[in-house]
Amino acid sequence: MRIAFGAVLLLHGIAHIVGFLRAWAPTRTTIVGNRIDLGASRIRVVGLGWLLIAVAFGVAAVASLVGITGWPTFALVLTGVSLALCLLQLPETKIGVVLNVVLIAGLFYGQRAGWI
């Protein structure tokens, strides 16, 4: 089961690269449903957050695949941060919000059930 979670974490991390790339060629510089305009330079800081999370998901994926103790907790916290970042950039990230909620539920239940 941890291999399946590792694959999902890796794919989820790759999906975060879109947020990074979008911030470096911004067509929109607003967050929170277009209510806060950050401007081109500050939206790039948000883009760096997307990149950092993408790399961290890669680390979590490798940790799960090699069986490093504590990877589920790291992945759970990381997914919570990812969810927060997705909520900031709604409505474009609504699919990410759903995927994060599903991943949080899977990680939480997987730990409780002893699958991971």
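Every number in this text was worked out from the coordinates using simple rules, so none of it is lab data. Bear in mind that the values here come from a model prediction, so they are computed numbers and not experimental data. In this analysis, Cβ positions are derived from the backbone assuming ideal geometry, glycine residues included, and neighbour counts consider all displayed protein chains.
Each Lys or Arg adds one and each Asp or Glu subtracts one; over the other residues with Cβ under 15 Å from the Cβ of TRP24, this totals +4.
For the chain, the longest principal axis of the alpha carbon atoms and the long axis of helix 2-24 meet at an angle near 10°. A helix-only calculation puts the chain at -27000 deg cm²/dmol for mean residue ellipticity at 222 nm, using -39500 (n - 2.57) for each DSSP H run of at least four residues, averaged over all residues. Counting beta carbons within 10 Å around each of ILE53, ILE31 and listing the fewest first gives the order ILE31, ILE53. The C-alpha atoms of the chain define a longest principal axis, and helix 71-88 lies at about 20 degrees to it. Each Lys and Arg adds +1 at its Cβ and each Asp and Glu adds -1 at its Cβ; summed about the Cα centre, the chain shows a dipole of about 100 debye.
Ordering ILE17, ILE95 by the number of other Cβ atoms within 10 Å of each residue's own Cβ, fewest first, gives ILE95, ILE17.
Stokes-Einstein diffusion for the chain at 4 °C, viscosity 1.567 mPa s, with a Kirkwood radius from C-alpha pairs, works out to 90 µm²/s. For THR93, the shell of other residues with beta-carbons less than 13 Å away shows a net charge of +2, using +1 for Lys and Arg and -1 for Asp and Glu. Taking the number of Cβ atoms within 10 Å of each Cβ as an exposure proxy, the fewest-first ranking of VAL45, VAL18 is VAL45, VAL18.
Mean sequence separation of contacting Cα pairs (under 8 Å, at least six apart), scaled by the length of region 32-93, corresponds to a relative contact order of 50 percent. Between helix 94-113 and the chain there is an angle of about 20 degrees, using the helix long axis and the longest principal axis of the Cα atoms.
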